[in-house]
Amino acid sequence: MATTIFKEILGKDFNKLDPILQRAYGNEEGFSASGIVNVTHGTGPIIKLMNKTLKLPPKGPQVKVSLNVKRNPGYEYWYRDFDGQILESEAYAKNGLLMEIFGNITLGFKLTEEEGALAYQQVFSQVGKIKLPDWLNAKAVAINKATENGWYIEIESSYPVIGKLVRYEGQINLES
């Protein structure tokens, strides 16, 4: 029986997600969504270089975002467009975690259901085949809280040594 990686990771808790989140994250073909997010960056030359190198969303108060997710058995392809800044990744489930690959960087997220919302907590980082120690591991957290037409998203990524990398939040509307 076909399933999505979100259903696989969350198990019975998937059914506790708000119905609109179940519709998006449970659709075996994928989904499209769009919205407006407010993006802030940390400060300093290292943060600026990392945001540019990692192709993270441009900072701004009204950044248009579109999201297209395609699903295949065992993995997903995520295409994000933040006002022309493209961020692509592939994702799969491994050992109960959502593994997301951005080029040669792999991030591992623990997924949980929190009062109908979908929460992510980064617990793993790898560059190439090298797993980063905790003191170098980014601390990314995200939550998708259901709204009438989609969800309100809040994401922040920071590093223990250098601080906030990026934060964005805003309304995302499900299109399909």
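The values are calculated or read from the model by the stated rules, or taken from the named source; none is laboratory data. Worth saying up front: this structure is predicted, and the values here are computed from it rather than measured. Heads up, the Cβs are rebuilt from the backbone with ideal geometry, glycines too, and the neighbour counts pull from every protein chain shown.
Here are some notes:
- Test: residue in the stretch 108-119 that is of a type in the set (Ser, Thr, Tyr), more than 25 Å from Met50 (Cα to Cα) and modelled with pLDDT of 95 or more: yes
The rows are residues; the columns are (1) touching a residue at least 24 places away in the same chain (Cβ under 8 Å); (2) closer than 15 Å to Tyr168 by Cβ; (3) charged (D, E, K, R).
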site: Gly26; (1), (2), (3): no, no, no
site: Ile36; (1), (2), (3): yes, yes, no
site: Lys55; (1), (2), (3): yes, yes, yes
site: Leu67; (1), (2), (3): yes, yes, no
site: Lys70; (1), (2), (3): yes, no, yes
site: Asp83; (1), (2), (3): yes, yes, yes
site: Tyr92; (1), (2), (3): yes, no, no
site: Leu98; (1), (2), (3): yes, no, no
site: Lys110; (1), (2), (3): no, no, yes
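- Of the residues making up the stretch 99-151, those that are over 11 Å from the mean Cα position of the chain (by Cα) and among the hydroxyl-bearing types (Ser, Thr, Tyr) are Thr106, Thr112, Ser125, Thr147.
- Residues located in the stretch 148-169, provided they are in contact (Cβ under 8 Å) with a residue 40 or more places away in the chain, closer than 20 Å to Leu17 by Cβ and crowded, with 17+ Cβ neighbours inside 10 Å: Gly150, Trp151, Ile153
- Against the criterion of being in contact with a helix residue (DSSP H, G or I) (Cβ under 9 Å, 6 or more places away or on another chain) and either crowded, with 16+ Cβ neighbours inside 10 Å or within 16 Å of Glu8 (Cβ to Cβ) (or both), Gly116 does not qualify.
- Counting the residues of the stretch 94-125 that are part of a strand (DSSP E or B), closer than 19 Å to Tyr25 by Cα and not aliphatic (A, V, I, L, M) gives 11.
- The set of residues from the stretch 128-166 being part of a strand (DSSP E or B) and among the small types (Gly, Ala, Ser) comprises Ala140, Ala142, Ala146, Gly150, Ser157, Ser158, Gly163.
- Among residues of the stretch 151-176, those that are out of contact with any strand residue (DSSP E or B) (no Cβ under 9 Å at 6 or more places or on another chain) and at positive phi, counted: 1
- Residues within the stretch 98-113 that are crowded, with 18+ Cβ neighbours inside 10 Å and over 24 Å from Ile20 (Cα atoms), tallied: 3
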